[in-house]
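The values are calculated or read from the model by the stated rules, or taken from the named source; none is laboratory data. From a predicted model like this one, the values you see are computed outputs, not experimental measurements. Don't worry about glycine lacking a Cβ; one is built from the backbone with ideal geometry, like all the others, and counts go over all protein chains shown.
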Amino acid sequence: MKTDKTVSALTIPEQVLVWLQLHMMEIAGAFAVLIIGLLAAKILSSWVERALTRSPRFDPTVAQFLSNLVKYALWALVIVTVLTQFGVETTSILAALGGMALAVGLALQGTLSNVASGVMILVQRPFKVGEAISAGSVTGTVQQIGLFTTELKQFDGLFVMVPNSELWNQAIVNFHRHPIRRFELIVGIGYNDSMEQARNELLAMAAADERVLADPEPVAFVASLDDSSVGIGLRVWCTTGDYVAVGWDLTEKVKARFDDVGISIPFPQREVTQRAA
C-alpha cells in the first residue's frame, strides 16, 4: 500500500521510468522475440519462395503468394508471443481476430473463391500463357493468369477477362497441350459414285501433303449413308501448329480432286411425284 502511494505521488514520466525499471527483463525478452521472430519470418518466407520457384510445377505468382502467406502467419505468431510476455490475455484477442476473419471471409466469399481457384490453376497448370483453350462459352488464347482473373484474347481479337472460379469449375479444353492433333473430314459423294475410288483419292491426297504424319497413318472410311449422299471420311494426324492450315487445304483440295476424277459431291435433293386425279 505504501509503495502504491509512493508511486502515485510521482509524476507521469517518473512513473514510466519506474515501470520500465521493474519490467526491464520482460521488455528485453519481448524485444528479442520480436527481432528474432521478424528475421525468422523473413528468412523462412524467402526460403519458401526460392524452393517453390525452383519447382517447375509452381508458377512464380503462386510461389510469392504462399511465401507472403507464411510471412504473415509468422508475424501473427510473433505478435501474440510478444503480447504474452507482458501478461496480456491473448485468448480474447484471438477470438476477436477469428470473428473478424470469419466476417471478412463471408463478405469476400466470391473473391476468396477466385483466389483459391487461381492458386489451383497456377499449381495444376491446365493451361499456360500462350496456349489456346476453351472453357464453357469462352474460347481464346491465354494472355495472363492472375490470382483473381485470367485474361484471354479471342480468335476474333476481342479481350476477355474471366474470373478464375468460373474457369476452374468448367471442363477446360487445351488445344495446344499435346504436340499432334487429329483432323477429320467427311465428304458426301453420290450413290452412283465408287466408294472405293473416293477413299483411295482421299488417301492419295493425304500422302501427298508433307504436313500429314505417317504415324498414326491416315484412314479413309465410309462414315454415313445419308438421304442424298454417302459420307466418306478421312482422318489424318498433324502437328498442332499445322492443324488449321491442313484442314483448310485438304477441304479445298478434295473438291478440286473429286471434280477432276468425276466424283460428284451432291447437294440435298427431293423427288416430287405428281399423280393424276
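Details
- Residue match in region 246-263 (condition: closer than 28 Å to Ser137 by Cβ, touching a residue at least 12 places away in the same chain (Cβ under 8 Å) and either surrounded by fewer than 16 Cβ atoms within 10 Å (Cβ to Cβ) or in contact with a Pro (Cβ under 7 Å, 6 or more places away or on another chain) (or both)): yes
- Per the conditions (1) surrounded by fewer than 15 Cβ atoms within 10 Å (Cβ to Cβ); (2) in the same structural domain as Ser194 (by TED's automatic domain parsing); (3) more than 14 Å from Arg199 (Cα to Cα), the sole criterion not satisfied by Ser224 is (3).
- Test: Gly37 is out of contact with any strand residue (DSSP E or B) (no Cβ under 6 Å at 6 or more places or on another chain) and modelled with pLDDT of 70 or more: yes
- Restricting region 170-210 to residues that are of a type in the set (Lys, Arg) and out of contact with any helix residue (DSSP H, G or I) (no Cβ under 6 Å at 6 or more places or on another chain), the residue that is nearest to Asp259 (Cα to Cα) is Arg199.
- In region 121-150, residue nearest to the chain's Cα centre (by Cα) [restricted to those that are among the aliphatic types (A, V, I, L, M) and at pLDDT 85 or above]: Ile121
- Residues that are farther than 18 Å from Lys253 by Cβ and among the aliphatic types (A, V, I, L, M) within region 185-225 comprise Met195, Ala214, Val222, Ala223, Leu225, listed in sequence order.
- Among the criteria (1) under 28 Å from Asp242 (Cα atoms); (2) surrounded by fewer than 19 Cβ atoms within 10 Å (Cβ to Cβ), the one Leu202 does not fulfil is (2).
- Only residues that are more than 24 Å from Pro268 (Cβ to Cβ), among the hydrophobic types (A, V, I, L, M, F, W, C) and at pLDDT below 95 were counted across region 215-243, and they come to 0.
- The condition (being closer than 30 Å to Thr141 by Cα and buried (at least 17 other Cβ atoms within 10 Å of the Cβ)) is satisfied by just one residue among Glu210, Glu166: Glu166.
- Test for Arg275: is it assigned to a loop (DSSP other than H, G, I, E, B), in contact with a strand residue (DSSP E or B) (Cβ under 7 Å, 6 or more places away or on another chain) and not polar (S, T, N, Q): no
- Where a residue in region 157-179 is hydroxyl-bearing (Ser, Thr, Tyr) and its partner, wherever it lies, is not in a loop (DSSP other than H, G, I, E, B), with Cβ under 8 Å and at least six apart: Ser165/Gly110; Ser165/Ser113; Ser165/Asn114; Ser165/Ala116; Ser165/Ser117
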